[in-house]
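Everything on this sheet refers to the single structure shown next.
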Amino acid sequence: SGTNELEILEFKIGNNSYGINVAKIREILPYHAPTPIPNTHPGIEGIFMPRDTIITVINLATCLNCPDREIHPTDMTIVTSFNKINVAFHVHGVVGIHRISWEDIHKPDETIHAIATGIVKIDERLIVMLDFEKIITDINPETGLKLSNIDHFGPRSRNEAPILVVEDSPLL
């Protein structure tokens, strides 16, 4: 806190490097095939139950339109928790954790900002910071923001207190 830094987990899908803020991660587990659920979104592999909690497993390669491959011993499951949702992501491998400055995150251009919140360059590798909120909302739009949820508060008097809102997800 107060260092203007964050930690990101670098992981692989195919030969590409992607990242997620460590603050969103609950745990990282070796990949085990989940129980399939019929008639779900193609990105959903199924469910599993670590520590008495049922969690949906999302195949990140499918969601990113990357060619999937056979299960490999390096495959991992990244269990996340954010926006009151627990969900796991099947990835092809975990590289490690990097501590970076917020200033090292480059804003993606308009062509990729819908799926990426930033780009980080580490040791000549480009790590794409994915917008996991957008990925989940694309699978299930009910998890996204709904203006109708705000309507039930009704009209309110304005307050002149300044509010600063900072968010890296274009969706949010």
If you average the sequence gap of Cα pairs under 8 Å that are 6 or more apart and divide by the length of the chain, what percent do you get for the contact order?
22 percent
Compute the accessible area per residue over the chain, keeping the other protein chains in place, probe 1.4 Å, unit Å².
64 Å²
The percentage of the accessible area of the chain (probe 1.4 Å, all protein chains present) made up of carbon and sulfur atoms, to the nearest whole number, is 54 percent
Most mobile of Gly96, Gly14, Gly154 in a GNM of the chain (Cα contacts under 10 Å)
Gly154
Using the per-residue mean of other Cβ atoms lying within 10 Å as a proxy for protection, in what order, highest first, do the peptides 65-72, 6-13, 40-47 fall?
6-13, 40-47, 65-72
For the chain, the charge dipole (Cβ of Lys, Arg +1; Cβ of Asp, Glu -1; about the Cα centre) points to a positive end, and the Cα of Thr77, Pro67, Asn159 closest to that extreme belongs to Asn159
Could you give the dipole magnitude of the range 1-158 about its Cα centre, charging the beta-carbon of Lys and Arg +1 and that of Asp and Glu -1, in debye to the nearest 20?
460 debye
Report, for the chain, the % of DSSP beta bridges that are antiparallel, rounded to 5.
85 percent
Regarding the chain, what are the three Cα extents along the principal axes, ordered largest first, in Å?
57, 42, 33
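The values are calculated or read from the model by the stated rules, or taken from the named source; none is laboratory data. Since the structure is predicted, the reported quantities are computational estimates derived from the model, not experimental observations. With ideal geometry, Cβ positions are generated from the backbone for all residues, glycine too; neighbour counts draw on all protein chains shown. Note: accessible area is taken over every heavy atom of the protein model, side chains too, but ligands, DNA and RNA are not part of it. Shrake-Rupley method; radii C 1.70, N 1.55, O 1.52, S 1.80 Å.
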